[in-house]
Amino acid sequence: RELDAGLVGRLRRLSGGNPLALRELVLGAIEQGQMADEDATWRVTATLSPRLHDLIASRIGHLEPDELEVLELVALGEPVALDQLAAVASPTIVERLEERGLVAARDDDGSPQAWLSHPLHGEVVRERMPATRRRRLLRRLVESQSSAPTLRPGDELRLAVWRLELGDTSDQPLLLR
């Protein structure tokens with residue numbers, strides 16, 4: 001049997017290289033009937049099992065409203081340049097999230113960026129986020145990204161995707177690029 005190429009990439013990204021997380025992802029999908037053998041190719045039709053979701057949610061724990069908002073911003077915009085994040089949130093909040101092991105600051109392309117410490121955190125945070133807050137936070141990301149003096153590789157694509165998710169097609173040159 002083969003694994004769907006999209007499934008392999010998704011499992012790799014979600015597990016973050018952690019074999020135990022990979023095992024839970026696969027077992028949870030099988031238990032819920034969300035992983036099926038279609039035409040000799042394994043495919044997954046849904047997201048996290050309730051057991052894995054609860055485990056990740058307990059790992060995230062209780063957050064103050066300002067901490068949750070920063071974590072949601074990072075989950076939606078990952079990676080988010082630290083200077084861009086500082087423009088919309090207090091740097092001490094980012095530091096607290098980093099100390100708790102929820103956000104990691106990395107310097108992958110010459111500018112420090114905020115990433116979630118594990119991809120599964122993003123799945124849970126995005127899943128629990130109300131639609132209206134998601135839209136409000138996406139607008140904040142669009143505004144801060146649009147006012148950035150320089151764009152890094154991938155920023156223009158992320159900006160276009162955020163605008164499309166918001167239903168904003170006003171910047172057609174950006175969308176065409």
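The values are calculated or read from the model by the stated rules, or taken from the named source; none is laboratory data. Remember, predicted model here, so these are calculated numbers, not experimental data. Glycine gets a Cβ as well: all are built from the backbone with ideal geometry, and neighbour counts include every protein chain shown. SASA here: full protein model, heavy atoms, side chains in, ligands and nucleic acids out. Shrake-Rupley method; radii C 1.70, N 1.55, O 1.52, S 1.80 Å.
A compact table of results
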{"read-out": "Label-point separation in nm, residue 127 to residue 78, each point 7 Å along Cα→Cβ", "value": "1.4"}
{"read-out": "In order through the range 130-147: 3J(HN,Hα) via Karplus (6.51 cos²θ - 1.76 cosθ + 1.60), integer Hz, x for Gly, Pro", "value": "x, 4, 5, 5, 4, 5, 4, 6, 4, 4, 4, 5, 4, 4, 5, 5, 5, 8"}
{"read-out": "Nearest 10 degrees, 0 to 90: helix 19-31 Cα axis against the chain principal axis", "value": "60"}
{"read-out": "With all protein chains modelled, accessible area of residue 35 [1.4 Å, Å²]", "value": "30"}
{"read-out": "Heavy-atom surface of the chain, accessible at 1.4 Å and reported per residue (Å²)", "value": "55"}
{"read-out": "Where a label projected 7 Å from the Cα of residue 156 along Cα→Cβ would reach, residues of the range 57-100 with amide N under 20 Å", "value": "78-81"}
{"read-out": "Amide proton proximity set for residue 104, modelled H, under 5 Å, gap of 5+", "value": "115, 116, 117"}
{"read-out": "Heavy atoms of residue 92 accessible to a 1.4 Å probe, total area in Å² rounded to 10", "value": "70"}
{"read-out": "Residue-wise HN-Hα coupling along the range 107-114, computed from phi with Karplus coefficients 6.51, -1.76, 1.60 (Hz; x: Gly, Pro)", "value": "10, 7, 10, x, 10, x, 10, 9"}
{"read-out": "Whole-angstrom Cα spans of the chain along principal axes, big to small", "value": "49, 40, 33"}
{"read-out": "Taking the chain and dividing mean pair separation by its residue count, relative contact order in percent (alpha carbons under 8 Å, at least six apart)", "value": "18"}
{"read-out": "In order through the range 159-171: 3J(HN,Hα) via Karplus (6.51 cos²θ - 1.76 cosθ + 1.60), integer Hz, x for Gly, Pro", "value": "4, 5, 5, 4, 4, 5, 4, 7, x, 9, 10, 5, 9"}
{"read-out": "Pairwise centroid distance, computed over Cα atoms, of the range 18-35 with the range 89-108, Å", "value": "29"}
{"read-out": "Potential extension, residue 109-residue 147 segment - 0.36 nm per residue separation minus Cα distance", "value": "11.7 nm"}
